[in-house]
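Visitor: Got a structure here, written out as C-alpha cells. Questions coming.
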Amino acid sequence: MPIVSWKDEYSVGITKIDDEHKKLIAMIDEAHDYVESQPSSDAVKKLLADMENYAISHFDTEEAYMKVYDYPDTKGHKAEHATFLERVRAGDVNFADDTFVPGTVKILSFLADWLVTHILGSDKQFGDFLMEKGAK
C-alpha cells in the first residue's frame with residue numbers, strides 16, 4: 001500500500017516541477033514498499049541515496065527558477081529544501097542497529113508528510129508566482 005500517492009491537487013502548474021514531484025513521491029513509495037516487504041539495509045540505503053540525489057536535482061530545478069524569476073522567498077524556500085535533505089541523510093543512523101525497519105518507516109513517513117505539506121504550501125505559492133511571471 002502506498003505511503004503517499006500523487007493527487008491532482010498537488011500540481012503547482014509548472015510541468016517540470018510537477019513531474020519531479022511525482023518522481024519523488026514514487027521514490028518514497030518504492031522505498032517504503034521495499035522496507036515492508038524485504039528489509040535489506042543495503043538496498044534501502046541505496047534507495048535513500050537515490051532519493052537524496054534526485055531531491056538535490058529537483059531542488060536545483062526549483063532554485064534555478066527562483067533565480068531566473070527573482071523569487072522573493074528564495075532564502076526561506078531553500079531552507080525548507082535543506083530540512084528535507086537532512087532527514088533523508090538521517091536515514092543512515094537506522095542501519096546500525098535493530099531500529100532499521102521501524103526507524104526507516106518513520107523517516108519515510110516523515111518525508112512523505114513533509115513533501116506533501118511543502119508542495120501544498122510553499123511550492124503552491126511558488127508555482128502561482130511563476131505562472132504570474134509567465135513560466136509554464
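Derivation of every value follows stated rules applied to the coordinates shown; laboratory data play no part. Everything numeric in this text was worked out from a predicted model, so none of it was measured. All Cβ positions, glycine included, derive from the backbone under ideal geometry; neighbour counts span all protein chains shown.
Visitor: Based on a Kirkwood Rh over C-alpha pairs, give the Stokes-Einstein translational diffusion coefficient of the chain at 37 °C and viscosity 0.692 mPa s in µm²/s.
Guide: 213 µm²/s
Visitor: For Phe110, Phe126, Phe84, which order do you get if you count the other beta carbons within 10 Å of each Cβ and list the fewest first?
Guide: In order of increasing Cβ crowding within 10 Å: Phe110, Phe84, Phe126.
Visitor: Hey, another quick one. With angles folded into 0 to 90 degrees, how steeply does helix 74-90 sit against the dominant principal axis of the chain? Use alpha carbons for both and round to 10.
Guide: Once rounded, one gets 10 degrees.
Visitor: Would you list, by chain and number, the lysines whose Cα falls below 21 Å from the Cα of Lys75, excluding same-chain residues fewer than 8 positions away?
Guide: Within the straight-line cut-off, Lys75 pairs with Lys67, Lys124, Lys133.
Visitor: Under the rule of -39500 (n - 2.57) per DSSP H run of 4 or more residues, summed and divided by the residues of the chain, what mean residue ellipticity at 222 nm is obtained, to the nearest 500 deg cm²/dmol?
Guide: Helices in the chain give a 222 nm mean residue ellipticity of -24000 deg cm²/dmol.
Visitor: Starting with the highest mean, order 23-29, 53-59 by the number of other Cβ atoms within 10 Å, averaged over the residues of each peptide.
Guide: 23-29, 53-59
Visitor: Compute, for the chain, the length of the dipole vector about the Cα centre, with Cβ point charges of +1 (Lys, Arg) and -1 (Asp, Glu) only. Units Debye, rounded to 20.
Guide: I would put it at about 240 debye.
Visitor: Specify the angular offset, from 0 to 90 degrees and rounded to the nearest 10, of the alpha carbon long axis of helix 100-118 from the longest principal axis of the alpha carbons in the chain.
Guide: Helix 100-118 and the main axis of the chain meet at about 10 degrees.
Visitor: Find the centroid of the Cα atoms in the stretch 56-84 and in the stretch 115-133, then give the distance between the two in whole Å.
Guide: 11 Å
Visitor: Turning to a different aspect of this structure: Once the Cα atoms of helix 41-68 and of the chain are each reduced to a long axis, what angle between those two axes, in degrees from 0 to 90 to the nearest 10, is obtained?
Guide: That helix lies at roughly 10 degrees to the long axis.
Visitor: Using θ = phi - 60° and the Karplus relation 6.51 cos²θ - 1.76 cosθ + 1.60, list the HN-Hα couplings for the stretch 16-24 in order, rounded to whole Hz, with x at every Gly or Pro.
Guide: 4, 5, 4, 4, 5, 4, 4, 5, 4
Visitor: To continue, here is another question. Over all directions, what mean area does the Cα convex hull of the stretch 1-57 project, stated in square nanometres?
Guide: 4.0 nm²
Visitor: Would you list Lys78, Lys136 from fewest to most Cβ contacts within 10 Å?
Guide: Ranked by crowding around the Cβ, least crowded first: Lys136, Lys78.
Visitor: Of Phe110, Trp6, Thr74, which is farthest along the charge dipole of the chain in the positive direction, counting Lys and Arg as +1 and Asp and Glu as -1 at C-beta?
Guide: Value computed over the given set: Thr74.
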